[in-house]
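Note sheet for the following structure.
Here, each number is a calculation from the coordinates, and none is a lab measurement. If you're wondering where the values come from, they're calculated on a predicted model, not measured in any experiment. Reconstructed Cβ throughout: ideal geometry from the backbone, glycine too, with neighbour counts over all protein chains shown.
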Amino acid sequence: MRLNDCDPGFKHQVAAEPGGEGIRVCFGCAACSARCPVGANRPEYDPRRIIRAALLGRREEVLASPLIWLCSSCYTCGEVCPQGVRFTDVLTAIKNIAARAGHAPPSARITAELLAKQGRLLEVTEFENDKRAELGLPPVEQRPHDFQSILGLEPPPEGGEGEGA
Amino acid sequence: MNPAEIDTPVLIIGGGVAGLSAAVELSRRGLASTVVEREAAPGGRAGEFCCKAVAACARCGACRLGDLLAEAAARPEITLHTAALVTSAEQKDGLWTVELSPQPAGDDAPGPGAPLGERCSLTTGAVILAVGGQVFDPAGKSRFAHGRVEGVHSALELEAMLAMGAIGPGAMAPAKVAFIQCVGSRDAAGGRPWCSRVCCGYALRMARVIRHRLPETEVTFFHMDVQDYGRAWEEELPSLKEDIRFVRAMPGEVTAGEQGPRVVFAGPEGAPVSEGFDLVILSVGIGPPNGAGSLHELFGAAPDQDGFLAEEGPDGLFVAGAAAGPRSLNESITHAGLAASRAAARVGALLEAARG
Amino acid sequence: MPARVSLIWQEAPGLSGLDPAQVALAAGVELDDGGLVEAAVVTVAQERAPRGLQERLAGLPVSWLDLAAEIGGGGDAHRLARAATAVARAAGRAAKGTLPPVYAPQPAQSVLVAGAGLGALAAAWEAAALGHPVTLATPFGDAATPGADDDPQAVGLMAAQLPAQVELATECELIGLAGSAGGFSARLMGPQGESSQGFGAVFLAPPGELAPGCEIHGLNPELCVLASKLDPEDWQGPEDAWLHAAVLAGSAQAAPSYSFAAALEAALALAKRPRVQVSLFYTEARVAVPGAERLFRDCRAAGVLPMRVEPGGLEVRGGHTLAWFDPLLGEEITLEPAVAVMAEQSGAPRPAWLDNELTVKPWDLLVPENPRLAGGKTSRSGLYILGSLRGTAPGAPRRAEAAAATADMHARLTGRVVPMPAVRDQLCARCLSCVRACPHGVPQFVGFGIACSPAGCVACGICAAECPAEAIAPPGWGQPEMLAALEAALAVAPEPKMVLFACGQSGMPAASALSASGHQWPAGLVIFPLVCAGRTSQVLVTRALELGAKGVLTAGCHPGNCRSISGNLVAAAKLEMVQGMLAELGLDPEAVSFLPLASNQTRELAQAVEALAVKAEEA
């Protein structure tokens, strides 16, 4: 790899995104990688390697990599980082750039659609609400409109499926 | 100012290697001094350190405390009050007036000096603060399981274990030992964005002592970077790297395994690895002196951005040793020479002004 | 004829319960009744004795004995026996020590500082402040010229404040040196030619020079800028592209922290320029100086890329391309930088005379990495080597080093009367064994005989141990006194008799600490304090065995920790010879041994003495 061909501006671009500020101070001490539960199951997923590639300015490679979408957002990495880098947030910044560049995987699109439609990832059916009723709990409120307005989406023409309050 | 008001030309607060060395250096310059030590015996931290010689001297400097105690005892210019606490300090007309009060001390502690009998007030031309640094409490990094998992010790505890002979043939013989570096150092997130300077040196020296006593024992050194420690140190590093397993990765945590502690770190492939050890040593760093806040208030000493005390404070206040920043024993002893020189110049100027 | 020895009892903590009369009787000496004294043993160290007593005994042969430190704990009978052996030993020495102590003539007070830069100026300033006339011999035309690794402003300030008693010799270099503390003879080469001058002490602090880095890396010199010469304003990227800068901060082998910090400052200044991408190459991030860890973080926050390479792992291709392997990404990276900033280590060339002059020890012995010689000291008393030449970091550490060295010099030249080895000229065979053996350079061959420098001696006694003719010894450490002391002590020691020769820097402090904590020594153990283990000799050890000792242990410092450089090694070598001799005679060679020890290794000493006692019991 020729460093002269990489994009030194990429790390600054990530740092300019909300949450991406910490990326530049990483020097690869590996504390995050030691605790990452995703890395424990998918050895090719190594937080410090992702940061390293981003710092070196391998923009296309990082943005197109399927690995950046694997983070479980448990924030353990940020908790152990001696430099106070919150890798989860850095990765969110990278994912936002990737999504804008059209690299979001289908699963991300589906997730976004579910959110837009339901206001949550999992659909709440009568099954769940019956169970809750048995335990004396109130039914779950479904308020997809709030979410849709936050996302700046038009409400679907027929209204939500939720019961509303 | 009237020179007759002076009870002692220089008052030294702290009777560790830096304070004792400052007193000896002043004495070499022909100046008397009074050393105030909070504990029942002088010596400070250095008294807890073990000799790290293997086939030859490892230049850790732990033995120099003995030299200093003997020299301080032999020099009549040096007065040493033990079990004494500074309760107030004020500066007027270029002189410091410092109040001391006795501390409850244990039974007869060995070593030179005598416990302070009663409250007293000393007027002096210069004050040298030689209160040392504060060793990081590993409880502050709970993920390394100190006090929670058996077999996890701080480096200070290891010093004592080696000194008492608790590790070696005929005693505890761990098959695998891990050192974790930078516990309480190089930790911006933990509010300690400085290198403690001495930990690589002491850890690798103690690792070598363990390997010397127990040649079968495997030692692993988890670190970020190996710091420098003088010329001879650079020459020794290559052979150390053959003797000890260097792993350049900051471990994420220490967990309790069935056989003992386990260190979780990023393996060469990137994925976390959990490896069992018999003994895990946390190389704790040096921080600003305990009570730096109150000393700062008492003497008006200026803390630097990390909380260590500036070498030269307001008129007639000087700082020696690890209170001014992390230092090895040898460095603290030499550093005290500078504070002594400055204090001597200060006292000389005061006397000159009084005369002229 | 041996003198009559009186025991002068001074109470001290640790002596309670002992009856002075009983001790005197058991040791075979008289208890002092305040009358006339010919020679004396006093039960406390000289510093602890009242002034009146010191005056009364002035000029007499006296053994000052820290008795409490030697007897240790145990029952009264045990303590009495040990007190008796210790007093008998001291009495033997006092009885023989009838030679008047030899004190040094007044040492020369003037000081030579040869060099330039912060360390040299600090030493000159400190020495002058202590009242010594100073000659500052600088290779430059003025005192304000800094070394390459100095802060020019600090040096300028210090040069402007030099006190009047500092005499400046410009364009002047030290080209030869002989002698020791209190009596150096220096050859100087100045604009007027060569001259020879006497000094009491010499500080050598040649100005630091930066080692150029380009050759090491094989980079085209046109690409390279030294960090100290870098002007960041010269660099910025073109409108639409990045300019790549490489900062080499100990990329071939790890740099010391201070030069790594200098590299960080250069990297940060460059990184703040528009469209400049800085890559920082290092083998270890050396941040062990104040502020460096913060600076390292600031660099990264400004966009500097940390590139850690293995030692020797950074390759140069075609003079312009850097290539290295990134283990994390598992591939090779190459970079063609527009500029390479070199932050290589500084140093100072060693003056040729240090290697050529036969009268100066080889460098490794002159400036060993010995903790007892920190603060600028060398093995040659009165010679101090400071700054770049020693590898001391620039700035505050150099000032501290100069301050510590100067205080040591002042104490040596003006301290209390210094004992000087007495040379009995009629016995001296001019074999020069003492000249070769003395680590401090005290005995010199002058004219037709041995003359001693007046302030260099620490009474280690290595000269006495080496002299085949008993012609030289520090006062009190001659063969006759020591043998008399040994005989007296072993005569009253109960069986099984054993001897511990204890070095004053390691064995003896450890033994004293054990005694103070109430340790019970074997009753038959004679603790024989020495200034340095190097004073033992085959004669002493074999004589101890002859006198009935079942075991002899010599406790000296660890190799590399001896204040007299090689006293411990010499002692160990001699004991090895005795062991060989014993083996040839069919005796147990293990009866004598050398124990390397530090003053805080009390447990090791107790164990070794215990093992000695077990062996002696069996023998």
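Here is what passes the span test in chain B: the DSSP H helices with alpha carbon length of 20 Å or more along the helix axis and a Kyte-Doolittle mean of -0.5 or above are B:199-213, B:329-355.
For the peptide B:234-240, the mean number of other protein chain Cβ atoms found within 10 angstrom of a residue's Cβ is 2.
Could you tell me which GluC sites (Glu not before Pro) in region B:231-301 are loop residues by DSSP with no more than 15 other beta carbons within 10 angstrom of their beta carbon? Listed in order of number, the matching sites are B:Glu258, B:Glu269.
Could you pull out the trypsin sites (Lys or Arg not before Pro) across region C:259-302 that fall in loop regions by DSSP (anything but H, G, I, E, B) with no more than 15 other Cβ atoms inside 10 Å?
Passing sites in region C:259-302 are C:Lys272, C:Arg275.
Among the residues of A:43-55, the average count of other protein chain beta-carbon atoms within 10 Å of the residue beta-carbon is 3.
What ranking, highest mean first, results for peptides C:21-33, B:7-19 when packing means the other Cβ atoms within 10 Å averaged over each residue?
Values: C:21-33: 18.0, B:7-19: 28.2.
My ranking of the peptides, most packed first, is B:7-19, C:21-33.
The magnitude of the dipole of chain C, with charges of +1 and -1 set on the Cβ of Lys/Arg and Asp/Glu and taken from the Cα centre, is near 1520 debye. Just the number, please: Stokes-Einstein D of region C:426-514 in µm²/s, Kirkwood Rh from C-alpha pairs, 4 °C, 1.567 mPa s. Using the Kirkwood radius from Cα pairs, D works out to 87 µm²/s.
Multiplying the residue separation of C:Lys229 and C:Glu590 by 0.36 nm and subtracting their alpha-carbon distance yields 123.6 nm.
Beyond 30 Å in Cα-Cα separation lie the following of the pairs C:Lys574/C:Lys615; C:Lys550/C:Lys574; B:Lys52/C:Lys497: B:Lys52/C:Lys497.
Modelled label positions at C:Gln253 and C:Asp19, each set 7 Å beyond Cα in the direction of Cβ, lie 6.9 nm from each other. What separates the Cα centres of region C:371-401 and region B:68-147 is a distance of 29 Å. Between B:Gly230, B:Gly184, B:Gly147, the Gaussian network model of chain B with springs among Cα atoms under 10 angstrom shows the greatest mean-square fluctuation at B:Gly230. Considering chain B at the alpha-carbon level, its Rg and Dmax are found to be 22.2, 77 Å.
Per DSSP H run of at least 4 residues, take -39500 (n - 2.57); add these up for chain B, divide by its residues and hand me the 222 nm value, nearest 500 deg cm²/dmol.
On the way: 7 runs with 95 residues, N = 356.
That calculation yields -8500 deg cm²/dmol at 222 nm.
Across region C:1-99, the convex hull enclosing all Cα atoms gives 87 Å³ per residue.
The angle between the Cα long axis of helix A:87-100 and the longest principal axis of the Cα atoms of chain A comes to about 80 degrees, rounded to the nearest 10. Averaged over the residues of peptide C:232-245, the number of Cβ atoms from other protein chains lying within 10 Å of each residue's Cβ is 1.
Each other residue within a Cβ distance under 9 Å of A:Gly78 adds +1 if Lys or Arg and -1 if Asp or Glu, for a net charge of -1. Between C:Gln607 and A:Ser73, the modelled label-to-label distance comes to 5.9 nm, taking each label 7 Å out from Cα in the direction of the beta carbon. If both residues of a DSSP beta bridge must be in region C:268-361, then about 65% of such bridges are antiparallel. As a calculated quantity, the FRET efficiency between C:Met189 and B:Gln91 at R0 = 56 Å, using C-beta atoms, amounts to about 0.65.
Here region B:243-356 is assigned +1 on the Cβ of each Lys and Arg and -1 on the Cβ of each Asp and Glu. Its dipole about the Cα centre then comes out at about 340 debye.
Spherically averaged projected area of the convex hull of Cα atoms, chain C: 35.4 nm². Evaluate the Debye formula for the protein assembly as shown with equal point scatterers sitting on the alpha carbons, no solvent, and hand back log10 of I(q)/I(0) at q = 0.05, 0.09, 0.10 Å⁻¹, in q order, two decimals. Values, matching the q order: -0.40, -1.15, -1.36. Ordering B:Gly191, C:Pro368, A:Leu121 by Cα displacement along the dipole of the protein assembly as shown toward the positive end leaves C:Pro368 in first place; charges were set at the Cβ atoms of Lys, Arg (+1) and Asp, Glu (-1). When cysteine pairs in chain A are screened for C-beta atoms closer than 4.7 angstrom, the residues that find no partner are A:Cys6, A:Cys26, A:Cys29, A:Cys36, A:Cys71, A:Cys74, A:Cys81.
Label separation (A:Glu123 vs C:Ala164): 10.1 nm, computed from points 7 Å beyond Cα along the C-beta direction. Bridges between two residues of the protein assembly as shown, per DSSP, are antiparallel at a rate of about 40%. Annotation for region C:37-72 versus region C:554-619: alpha-carbon center distance of 29 Å.
Using the Cα gyration tensor of region C:422-472, with a ≥ b ≥ c the square roots of its eigenvalues, what is the shape: rounded (a/c below 1.5), prolate (a/b larger than b/c) or oblate (neither)? Walk me through the numbers before you get to the answer.
Details: a/c = 1.63, a/b = 1.21, b/c = 1.34.
Verdict is oblate for region C:422-472.
Span-like helix check, chain C: qualifying full DSSP H segments, with Cα axial length of 15 Å or more and mean Kyte-Doolittle of 0.5 or more, are C:118-129, C:257-271, C:479-492, C:567-584. Helical content of chain C, expressed as a calculated mean residue ellipticity at 222 nm, amounts to -9500 deg cm²/dmol (DSSP H runs of 4 or more residues, -39,500 (n - 2.57) each, divided by residue number, nearest 500). Considering only B:Ala232, B:Ala46, B:Ala256, the mean-square fluctuation computed in a Gaussian network model of chain B, springs between alpha carbons under 10 angstrom, is largest for B:Ala232. Would you give the gap between the C-alpha center of region B:149-197 and the C-alpha center of region B:295-315, rounded to a whole Å? Taking the Cα centre of region B:295-315 as reference, the centre of region B:149-197 is 30 Å away. Normalised by 2.2 N^0.38 Å, where N is the number of residues, the C-alpha radius of gyration of region A:3-100 stands at 0.97.
Using the eigenvalues of the Cα gyration tensor, what equivalent ellipsoid semi-axes result for region C:388-465 when each is taken as the square root of five times the eigenvalue, whole Å, largest first? Can you show the working numbers first?
Numbers: eigenvalues 209, 43, 19 Å².
Equivalent ellipsoid semi-axes, largest first: 32, 15, 10 Å.
Its relative contact order, with pairs defined as Cα atoms under 8 Å and 6+ residues apart, puts region B:154-278 at 22 percent.
About its Cα centre, how strong a charge dipole does region C:1-99 have in debye, to the nearest 20, once Lys and Arg get +1 and Asp and Glu get -1 at the Cβ?
Numbers: 9 positive and 11 negative charges, 60 e Å.
Charge dipole of region C:1-99: 280 debye, to the nearest 20.
Among C:334-340, B:162-168, C:457-463, the peptide with the highest mean count of other Cβ atoms within 10 Å heads the list, and the full ranking is C:457-463, C:334-340, B:162-168.
Report the antiparallel proportion of the DSSP beta bridges in chain B as a percent, rounded to a multiple of 5.
Values: 27 of 63 bridges.
Rounded to the nearest five, the antiparallel share is 45 percent.
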